[in-house]
Amino acid sequence: MNNIIRKNILTLKPYSSARDEFKGKADLYLDANESPWDDGSQLNRYPDPMQRDLRKKIAEYFKVEEETLFIGNGSDEAIDLLIRVTCEPGIDRIIQFPPTYGMYEVQARIQNADVKNILLNKDFSLPVKDYQSQMDEHDKLTFVCTPNNPTGNVFPTEDIEALIRTTSGLIVVDEAYIDFSNVESMIGKIGDYDRLVVLRTFSKAWSAAGIRLGVAIGNPTVISYLNAVKYPYNINRLTAGKAISLLDEKNTYKERRELIQRERQKMRLELSKLPGIETVFPSEANFLLVRVQNSATVLVKKLADRGIIIRNRSYLPRCKNCVRITIGRPEDNKRLLNNMKEILI
Ligand SMILES: *Cc1c(COP(=O)(O)O)cnc(C)c1O
């Protein structure tokens, strides 16, 4: 790992908070300059920097050891920190497979890390051969999003493992949408591959984008560096409390996940029947990528005039005239369909 983590991070002495330094049990805390008045929710106190209660719950849910878990302010924080601990500005780079999630490139640019783009194949499969012929030691991170945003397809585990066996850096598998698919998570493989980091989020299937909670799961050494550079109190008490209650009651999560899967199937069929639709790509996520015969930009504008926002993806490579439509509740999907019917006639 010493060749992957930046030198200044290897030797970093992290901020030590008052709560980090005292491990025992006390009943009067005059160490952190907090207000002494509690309204019953303990919000006058700083949260636990190591997020012990939440960490225990999340580790149980994913069936992993606690030291393999980084808990972040959204998986966007994990993406940012992974780049910051590995990529030397102006020297190292990330690899991504466009069309894909936009944050990998944005966070890399902020770090002044270069971005190597290897386009997905025409059928949206992973260009494993191209990848294998292009690797060098400055390629620190490779982002693989599966199911991929915005194409919706999943990549076979064998292809991802081929990348892991090729790289001298880390492979970051972003599973933000995997709850909506029937494929197995790569989390089960982190013990097999030190170079594998898996990202999961509460923003999609858990109906909790507003609490900002995501996790990175990987080998304890890499995870320890993420924990060393994070803000000490990156997860606030409200978020931790809400996440724990979500994990205590999984039925809603399960019901909604299944409903989205059924609605996705229905919407794919219904959208395919509309005039002016060229392709509705198969999807394992909670959205559909749709190619229209005429201008995607005009369709997006006409729907917006009716108060309905979908995502124009037509400027991304391989996505000419494509829009991305999130699966909503049954009544939302019906409303979208009715409006598309009127517009596309
Ligand atoms: C939505 C999304 C996320 C989630 O990011 P959070 O910061 O956890 O909200 C991560 N990756 C991809 C590909 C996404 O589409």
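Derivation of every value follows stated rules applied to the coordinates shown; laboratory data play no part. This is a predicted model, so every value here is computed, not measured. Don't worry about glycine lacking a Cβ; one is built from the backbone with ideal geometry, like all the others, and counts go over all protein chains shown.
Per the Cauchy relation, a quarter of the hull surface: what is the mean projected area of the convex hull of the alpha carbons in region 252-344, in nm²? List each step's numbers first, then the result.
Details: hull surface 23.1 nm².
One quarter of the hull surface, i.e. the mean projection, equals 5.8 nm².
For the chain, divide the Cα radius of gyration by the Kirkwood radius and give the resulting Rg/Rh value with two decimals. Dividing the radius of gyration by the Kirkwood radius yields 1.00. Straight-line cross-link partners of LYS250 among the lysines, defined as a Cα under 19 Å from its Cα and at least 8 positions apart when in the same chain: LYS56, LYS57, LYS63, LYS204, LYS242.
Of the residues LYS189, LYS23, the one with the fewest other Cβ atoms within 10 Å heads the list, and the complete ranking is LYS23, LYS189. Counting lysine pairs in region 252-344 whose alpha carbons fall under 26 angstrom apart, excluding pairs fewer than 8 residues apart on the same chain, gives 20. For MET103 and LYS25, the FRET efficiency from 1/(1 + (r/R0)^6), where r spans their Cβ atoms and R0 equals 41 Å, is about 0.50.
Give me the Å³ per residue figure for the convex hull around the C-alpha atoms of region 98-238.
In region 98-238, the Cα hull volume divided by residue count equals 128 Å³.
Among ASP136, ASP27, ASP179, ASP48, which comes first, then next, by fewest other beta-carbon atoms within 10 Å? List each step's numbers first, then the result.
Working: ASP136 9, ASP27 4, ASP179 21, ASP48 18.
By the 10 Å Cβ count, ascending: ASP27, ASP136, ASP48, ASP179.
Annotation for region 86-194: GluC sites (Glu not before Pro) lying in DSSP loop with at most 13 further Cβ atoms inside 10 Å of their Cβ are GLU137, GLU184.
A Förster radius of 25 Å, combined with the Cβ-Cβ distance separating ASP305 from ILE345, puts the computed FRET efficiency at roughly 0.95.
Modelled this way, with points 7 Å down the Cα-to-C-beta line, the labels at SER35 and LYS273 are 5.8 nm from one another.
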